[in-house]
Each structure stands twice: as structure tokens, then as C-alpha cells.
1. Counting DSSP beta bridges with both partners in the chain, what percentage is antiparallel, nearest 5?
2. Check which residues have an amide H placed less than 5 Å from Ile178's amide H, if you skip close sequence neighbours.
3. Which ³J(HN,Hα) values in Hz, rounded to whole numbers, follow from the phi angles of the stretch 277-291 under the Karplus curve 6.51 cos²θ - 1.76 cosθ + 1.60, where θ = phi - 60° and Gly and Pro get x?
4. Between the stretch 8-31 and the stretch 125-149, what's the alpha-carbon centroid distance in Å?
5. Restricting everything to alpha-carbon atoms, can you work out Rg to Rh for the chain with a Kirkwood hydrodynamic radius?
6. Quick one: helix 13-28 against the long Cα principal axis of the chain, what's the angle to the nearest 10°, folded into 0 to 90?
7. In sequence order, what are the phi-derived ³J(HN,Hα) couplings for the stretch 115-122 according to the Karplus relation 6.51 cos²θ - 1.76 cosθ + 1.60 with θ = phi - 60°, rounded to whole Hz, with x for glycine and proline?
8. Please list, in chain and number order, the residues 5+ apart from Val68 or on another chain whose amide H is under 5 Å from its amide H, with Hs placed from the backbone.
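Please treat every number below as a calculation from the coordinates, not as lab data. Everything numeric in this text was worked out from a predicted model, so none of it was measured. Backbone-built Cβ (ideal geometry, glycine too); neighbour counts: all protein chains shown.
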Amino acid sequence: MVRNILDVVDLSVEEINDLIKLACDIINDPKAYSEKCRGKKLATLFFEPSTRTRLSFEAAMYELGGSVLGFSEAQSSSASKGESVADTARVVSCYADIIAMRHPKEGAPRVAADNASIPVINAGDGGHNHPTQTLTDLLTIYREKGRLNDFTIGFCGDLKFGRTVHSLINALSRYTGIKIVLISPEELKLPSYVKKDVLMAKGIPYVQTTDLESVMPELDILYMTRVQKERFFNEEDYLRLKDSYILNMKKLENAKKDLCILHPLPRVNEISREVDNDPRACYFKQVLNGKYIRMALMLTLLEEAAR
Ligand code: CP
């Protein structure tokens with residue numbers, strides 16, 4: 001059965017927990033998985049820039065014994081000559097076993113999935129969704145905290161355009177005992193549809209503030225985000241808002257000793273370098289977890305497709 005992952009809610013909570021367990025097994029015994037995808041090919045179709053997502057997908061497939069083909073910018077594909085996403089997906093299905101696709105347009109991976117004959121994984125579509133980053137975040141929270149329920153998480157920065165924030169809030173809304181603190185400038189608040197359709201609909205307690213320091217003591221997890229320059233229509237607004245929050249050691253003075261600081265990266269300057277050496281900084285561990293959870297996801301989808 002061909003199965004696509006376009007949104008984190010395409011996976012049940014049970015399936016997410018299974019993926020986390022599989023990722024932990026891979027971490028504990030990578031050799032046992034080093035031949036699992038021998039002969040399989042991953043196509044990475046990246047119409048928008050990426051470092052972590054593309055390279056972690058590629059590293060993941062190599063570590064499973066498979067191989068990789070693809071492109072890292074639209075300009076080096078026939079999209080630059082006007083080929084549609086639908087045709088591209090159909091063509092790539094002739095060469096590969098699974099697709100990871102990033103595209104600036106929301107919904108483009110859905111179009112690819114409707115036209116491909118192999119599994120399609122959304123590797124980020126516009127300001128909409130980034131399900132494998134969410135799986136990465138969940139694996140990191142699980143490894144750092146030992147659980148995926150009963151904590152207070154603060155999301156700080158660009159909550160309007162940050163697709164990783166929307167996806168993670170959606171995923172966490174299915175666990176119990178989650179409290180959410182939304183920290184952003186007025187102009188970059190979480191979209192009302194996420195508040196209405198997810199937080200209010202599921203009865204998740206949340207507060208909104210512009211002041212990071214005032215809420216710092218209550219946070220178990222702090223999820224920092226970059227102000228998404230590429231989604232702004234006017235540079236003046238970006239320049240005014242880009243340094244709204246800069247996390248430094250001073251701001252962490254009142255934080256919990258076991259706070260877990262996450263960031264999907266790339267960062268610009270919203271976390272000072274001095275924070276990197278604090279044991280609470282988990283964002284580079286998060287990067288590594290991204291490879292393992294993508295190994296678990298591709299292995300699972302390819303096994304399902306072979307049934
Ligand atoms: N976190 C993330 O999606 O990073 P890249 O844009 O580098 O893939």
C-alpha cells in the first residue's frame with residue numbers, strides 16, 4: 001500500500017509512538033538497520049533551499065543501505081522550463097521508490113502525491129506544514145524529557161509563518177497535559193485558524209504574550225524560531241521584526257534548570273552563541289535526531305509499500 005505523509009496528522013498517535021520507538025532502536029543498534037533499504041532509491045525534490053532536511057533525508061537513506069537521486073533547487077530541474085509538479089512526480093516515480101519533496105507553494109506535495117505511484121513525504125510546503133521536522137521535535141522531546149505529555153512549552157518568535165510551529169502544535173494537541181505559551185510580536189502571532197481549529201477545538205490551555213522573560217520560569221520546553229524573511233512581502237517589516245527576541249544567558253537566569261531549548265534551525269541571531277554550550281541547549285541534538293526519525297519513517301513507508 002502506497003502511503004504519503006503530507007501532514008503530521010496523517011499519522012495516528014500510536015504510529016508516531018511506533019516511529020519514535022523504531023528511531024530509538026536504530027540509535028541503539030544502527031548496524032542492524034544498515035542493509036534494510038539495500039536497492040531502494042530516495043528522490044529528494046527540493047524546489048526551495050534546505051540544509052538539514054535534505055541532507056538528513058539523504059544521510060538517512062545511505063545509512064539504511066539505499067541510494068539517493070534528486071535536485072536541490074527548482075532551477076536545476078525541468079520546473080524551470082515549466083514542467084508541472086504533477087508531471088515531475090509521475091516521472092520521478094519511474095526512477096525512485098520514495099520521494100521527499102520541499103516546495104514554496106502550500107499544497108504542492110499533495111499534488112505530487114496525487115500523481116506519484118510511490119510514497120511522497122512533505123519536506124516542507126510554504127508556511128503550511130513540515131511533518132518530518134515535527135517528528136524530529138517529538139523524538140527530541142521524548143529523548144530529553146522521557147515523555148510526550150504533561151509539560152508547558154513556549155513557542156517564541158515568528159508564529160505566523162513558522163510552519164514547524166503549526167505542525168508541532170497540531171501534533172502536541174493529541175497528547176495529554178500540554179500547556180502552550182505563545183510568545184511573539186503582535187504582527188507575528190499564531191494564525192487564528194490554528195488557534196480555533198487546534199487549540200480551542202481540542203481544549204488545549206494557552207496564553208499569548210509579547211514578553212519572553214515574564215513567562216520563562218514556567219517553561220519546560222522553549223521552542224525558538226527564526227523570523228521567516230522569505231515569507232515577508234516587504235523588507236521594511238522584516239527588518240523591524242527580525243530581532244524581536246534574542247535568547248541569551250541573561251534571559252535564561254530565571255529559567256528552569258532542566259529547561260529544554262529547541263530550534264528547528266537555521267538560526268539567524270535569535271539565539272546567542274553563548275547559549276550553545278549550556279546543557280539546556282538541545283538544538284544540535286535535534287538536528288541529529290532528524291536523521292534517525294527520517295530513517296524510521298522511510299523504512300516504515302517502504303515496508304508498507306512492499307506489502
Ligand atoms: N529545519 C529545517 O527545515 O532546516 P532546513 O531548511 O535547513 O532544511
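1. On the way: 1 of 35 bridges.
Counting DSSP beta bridges with both partners in the chain, the antiparallel share is about 5 percent.
2. Asp150, Phe151
3. 8, 6, x, 7, 7, 10, 6, 7, 5, 4, 4, 5, 4, x, 5
4. Measuring centre to centre over Cα atoms gives 11 Å.
5. Details: Rg = 19.1 Å, Rh = 19.8 Å.
Ratio of gyration radius to Kirkwood radius for the chain: 0.96.
6. With both axes taken from Cα atoms, the answer is about 80 degrees.
7. Values, residue by residue: 10, 8, 10, 10, x, 10, 10, 6 Hz.
8. Sorted by chain and number, the residues that satisfy this are Leu42.
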